[in-house]
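Trainee: Following this message is one structure expressed as structure tokens.
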Amino acid sequence: MIEDELRAAFARYEALTPSTGPVRAAIDRAVARRRRRRRRVRLAGTALAVAAVALVGFTVVAPRPPQPTPLATAAPSPPPATALNVLLLGLDQADASRADSIVLVHVPADRSRLYLVSIPRDLLVPMPGGGTDKLSATFALGAGSGDLAAGYRATRQAVTRLTGARVDAGAVLTYQATRTLTDAVGGVPVCLPAAVRSVHTDRRFPAGCQRLDGAQAVDLLRQRYGLRDAVLDRERNALRYAAGLLRQIHEQGITTDPVRLGRLVGQVGPALTTDTGDLSLPALLSVAVRAGTADPVALGLPVRYQEWTARGFEADPTLVDGFLAALRGDRLADWTAAHPAQVVSLR
């Protein structure tokens, strides 16, 4: 009896029930939007790494801490709002607690080109606990037992204190990731002013231009013994590799080709972690595309060797103040034109 009454009640009100079609369609649309959103977030997270690579070639980054008070000799002035500085660190896979390559990429406000500034890892800098030590020691101090993000933050703070310039974003790349990235773009062209022999593999790199695969690139980037200026020459070769990688990425149109970008992200992305601070992904990609149309300018922070120290360098007092003022004021084009001897030959 009760069952019959229930059936009759459902029958009376069935005609008043709204169609489920629109509801189902709305649910399907919401699910599709959610899937697309998740896919965009995943792509953005890894594409930022590729964009950072496009800005130089070494790349792990961490959330930005409060900027410390600059310790440069001149009172720092903030760079123009549209100029950017990206700090890139290269780590030896055999000793991931040490930053072997430290490059500050300056992107001027006019996006005319990139300036790749190598900062020697053996540069003596003030340490948080007092005294001085090599810049590479700041990464080891921060990283502890292997926290690369903390190591990056410590090095960024040291670079900010040294230069007085704001660091807008950054990255860290191990040599294993360098090998993968180099092979993924089909090799990287590098032009050497003098022949280099590897003390690790006995591989010979002739003077002149050559295309390096991943294993060769890593081998070259590790060399310092037997080079005329030792660690400084190794850092110049790192700049040459970075410039070659930059040209390769832009000549292939990777940053503007979603298919190739996605493929490269899939190959290299797992080895990279990035944070762009206040920058958005479209903004970073736009910077990479615009500034990469011209050959980059590579140079080293002006330093001099101090024999009485623990085999380290100190900033060259005759040049460093003018250089840092040009960096902070977005005037590196004028400074390099006035100091051509400080520019590293890339071809």
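Where a number appears in this text, it was derived from the coordinates with a stated rule and is not lab data. Note that the coordinates shown come from a computational prediction; the quantities given were computed from them, not determined experimentally. Positions of Cβ are backbone-derived with ideal geometry, glycine not excepted, and every protein chain shown enters the neighbour counts.
Trainee: What pairs come up if the first residue lies in the range 194-209 and is surrounded by 13 or more Cβ atoms within 10 Å (Cβ to Cβ), the second is acidic (Asp, Glu) and part of a strand (DSSP E or B), and their beta carbons are under 6 Å apart, counting only those six or more places apart or on different chains?
Mentor: Within 6 Å, no pair qualifies.
Trainee: Criterion first (surrounded by fewer than 18 Cβ atoms within 10 Å (Cβ to Cβ), closer than 29 Å to Tyr305 by Cβ and aromatic (Phe, Trp, Tyr)) does Tyr241 satisfy it?
Mentor: Taking the combined requirement at face value, the residue does not satisfy it.
Trainee: Can you work out which of the residues in the range 297-318 that are surrounded by 15 or more Cβ atoms within 10 Å (Cβ to Cβ), among the hydrophobic types (A, V, I, L, M, F, W, C) and touching a Lys or Arg at 6+ places or on another chain (Cβ under 9 Å) is farthest from Ala137 (Cα to Cα)?
Mentor: The qualifying residue farthest from Ala137 (Cα to Cα) is Val297.
Trainee: On to the next question. Identify, by number, the condition in (1) within 21 Å of the chain's Cα centre (by Cα); (2) crowded, with 19+ Cβ neighbours inside 10 Å; (3) under 22 Å from Leu299 (Cα atoms) that Pro189 doesn't meet.
Mentor: Of everything listed in (1) within 21 Å of the chain's Cα centre (by Cα); (2) crowded, with 19+ Cβ neighbours inside 10 Å; (3) under 22 Å from Leu299 (Cα atoms), Pro189 misses just condition (2).
Trainee: Let me ask another. For the range 214-259, enumerate the residues that are under 20 Å from the mean Cα position of the chain (by Cα) and aromatic (Phe, Trp, Tyr).
Mentor: Tyr241, the sole residue that qualifies.
Trainee: Further, regarding this structure: Which of the residues belonging to the range 114-152 are under 16 Å from the mean Cα position of the chain (by Cα) and surrounded by fewer than 21 Cβ atoms within 10 Å (Cβ to Cβ)?
Mentor: Hits for the range 114-152 are Ala149, Ala150.
Trainee: Checking Leu299 against (1) in contact with a Phe, Trp or Tyr (Cβ under 8 Å, 6 or more places away or on another chain); (2) assigned to a loop (DSSP other than H, G, I, E, B), which test does it fail?
Mentor: Going through (1) in contact with a Phe, Trp or Tyr (Cβ under 8 Å, 6 or more places away or on another chain); (2) assigned to a loop (DSSP other than H, G, I, E, B) one by one, Leu299 breaks only (2).
Trainee: Name every residue in the range 96-124 that is among the hydrophobic types (A, V, I, L, M, F, W, C) and outside any loop (DSSP other than H, G, I, E, B), in order of residue number.
Mentor: Ala96, Ala99, Ile102, Val103, Leu104, Val105, Val107, Leu116, Val117, Leu123, Leu124
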